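The values are calculated or read from the model by the stated rules, or taken from the named source; none is laboratory data. What you see is a predicted model, and the numbers here were worked out from it, not measured in a lab. No Cβ is skipped: glycine too gets one built from the backbone with ideal geometry, and neighbour counts run over all protein chains shown. Calculation scope for accessible area: heavy atoms of the full protein, side chains included, ligands and nucleic acids excluded. Shrake-Rupley method; radii C 1.70, N 1.55, O 1.52, S 1.80 Å.
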Amino acid sequence: MQTRYVNTASSAGGDGTTNATSGANRAYASFSEWEAARQASLTEVEEVICEGSAADTSSHVIDGWTTSAANYILVRTTQANRHNGRWDTTKYRLETSGIQYGWVYEDYVRFEGIQFRGTSSGHWNKEGLVFNPGGAPGSTDLRAEACIAYNCGDTSHGFRQLGGTVRWINCISYGNGAAGWRVQDVGSGATAYFYNCIAAANTDQGWLFSSGTITARNCYAGGNTGADFSAAPGTASNNHSEDGSHGTTTAYSTSSGAYFTNVTAGSQNFEIANASSALIDAGYDLSGTFTVDILGNTRSGTWEVGPFNYSSGGGATVYNRGIFGAPIFRSRILN
Amino acid sequence: MAILVLIDRDATHSDPTKDARGCYKLGDIVAVHDDSRYTDGEPIAPPWYLIRITGVTKAQIERLIEPARDALDPQGLRVLRRRRWRLNPADLPSGARTTLQTTRFLSVTATQARNYIRDKLGLETL
């Protein structure tokens, strides 16, 4: 594995080999600088660790590489520099204003803990993240885990998939100008897996399934202007929606149904706030695929629906991890 | 003032479509930053050239990182080249070229820069 760093506090001209913000080995100043400097035919995993409280406004197009199942691109934040399960302007985020600035053309790319927002108005195609691989579903492996798309503007979806096989795990897409997610097969097939995701408060559908092969488990959609689910996924279980378009009908509310912490537009917090939530212990066990929630907490017992594991006693539990990755203490977020 | 971040080499791909659409080429403008994102004297590592342009803001020249799109595409979205605009060091006057290639940094006015930032589509001059 080769590791490079992006830090929005760094100055331009670094070689990206450390996360320092000065010196010859300083981090790349933006995502696009990492991508330009490193695009190649990969012979090992290329990992890029991103941080910085200032928005990264560069394009996050990934194109011109050769990737494979063994030699893929991994774009991630560390837990310390990661969002807290909702749009967080103090943590690393990609906020781009250009048309198609969030398009990923490669077949083997993974995003972990990244926030996305397409900010511009006046044109669609300002999605937070679009997977548009060249390969068919059987020859692609694309993943988004613990990612957020928020407030993508002017008739733009939060996330979009135009082909390939994509696993969306513990992701949230909310407050966008069109759908939370749109999946389309544009000719070479599209296979999507949605596990423990939320699509909420979008100006159009929560999930818009235009075509493709869809699996969805433990997902929730509510507060969307259009249908929460445009159609039932081909393979589905343990999903909930406010409008009953698919799965169990569960209110998008702080005082009933989902019992989210906050559903006020612009201040949404989808952590489960009450033991009466219909989402608690209502999930399908996916521990053969992943074992943590959006905050990195281990899921145990019967799973919840949605990206947050619920812990009784109030608030959400966040593991603060030491430098070797093991938890050093556990704290509760009290709302 | 703004900083242009240029790449000093060609990336290539065996697939001609990906090579054209996705690979950066020498002189492509990879990023545009506020002047605050570089302090004189900081070391500049390959593959970067940095050019400070005085008299403009980042917002005024941010379009220099746009891709070259197919004007015949009905939606105007199809990308032909990773970047539409480039500044080829070989086009610079010899003194400026030597400075850039030696120090990887050059400071110019907007008027000076305008003469050397070229539209790959050949449709527009700055």
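Every test in (1) more than 25 Å from B:R78 (Cα to Cα); (2) at the interface with chain B (Cβ under 7 Å from one of its Cβ atoms); (3) under 18 Å from the mean Cα position of the chain (by Cα); (4) not hydrophobic (A, V, I, L, M, F, W, C) is passed by A:S59 save one, and that test is (1). Here is a check on your reading of the model: is A:T203 in a loop (DSSP other than H, G, I, E, B) and open to solvent by 10 Å² or more (accessible area, probe 1.4 Å)? For A:T203, the condition - in a loop (DSSP other than H, G, I, E, B) and open to solvent by 10 Å² or more (accessible area, probe 1.4 Å) - is met. Taking the listed residues A:T90, A:T78, A:T67, the one that is within 15 Å of the chain's Cα centre (by Cα) and surrounded by fewer than 24 Cβ atoms within 10 Å (Cβ to Cβ) is A:T78, with no other qualifying.
Look through A:G23, A:G13 and report the one residue that is on the phi > 0 side of the Ramachandran plot, within 10 Å of chain B (Cβ to nearest Cβ) and in contact (Cβ under 8 Å) with a residue 12 or more places away in the chain. Give the steps one after another, and end with the answer.
Numbers: A:G23 fails: in contact (Cβ under 8 Å) with a residue 12 or more places away in the chain.
Unique residue meeting the criteria: A:G13.
For the stretch A:98-149, which strands (runs of 3 or more DSSP E) that fit wholly inside it have 1 or more residues that are open to solvent by less than 10 Å² (accessible area, probe 1.4 Å) and of a type in the set (V, I, T)? So the answer is A:108-112, A:129-131.
Residues are listed down the side, and each one gets a yes or a no for (1) of a type outside the set (A, V, I, L, M); (2) free of Cβ contacts under 8 Å to residues at least 12 places away in the same chain; (3) closer than 23 Å to A:C147 by Cα:
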residue: A:S237; (1), (2), (3): yes, no, yes
residue: A:D243; (1), (2), (3): yes, no, no
residue: A:V263; (1), (2), (3): no, no, yes
residue: A:N269; (1), (2), (3): yes, no, yes
residue: A:I272; (1), (2), (3): no, no, yes
residue: A:D285; (1), (2), (3): yes, no, yes
residue: A:G296; (1), (2), (3): yes, no, yes
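In this structure, is A:A265 on the phi < 0 side of the Ramachandran plot, at pLDDT 95 or above, part of a loop (DSSP other than H, G, I, E, B) and more than 21 Å from the chain's Cα centre (by Cα)? It is false that A:A265 is on the phi < 0 side of the Ramachandran plot, at pLDDT 95 or above, part of a loop (DSSP other than H, G, I, E, B) and more than 21 Å from the chain's Cα centre (by Cα). The residues listed here are A:N238, A:N202; of these, the one that is within 20 Å of A:F159 (Cβ to Cβ) and modelled with pLDDT of 95 or more is A:N202.
Identification of strands (runs of 3 or more DSSP E) wholly contained in the stretch B:7-126 with 1 or more residues that are at the interface with chain A (Cβ under 10 Å from one of its Cβ atoms) and among the small types (G, A, S) yields B:29-34.
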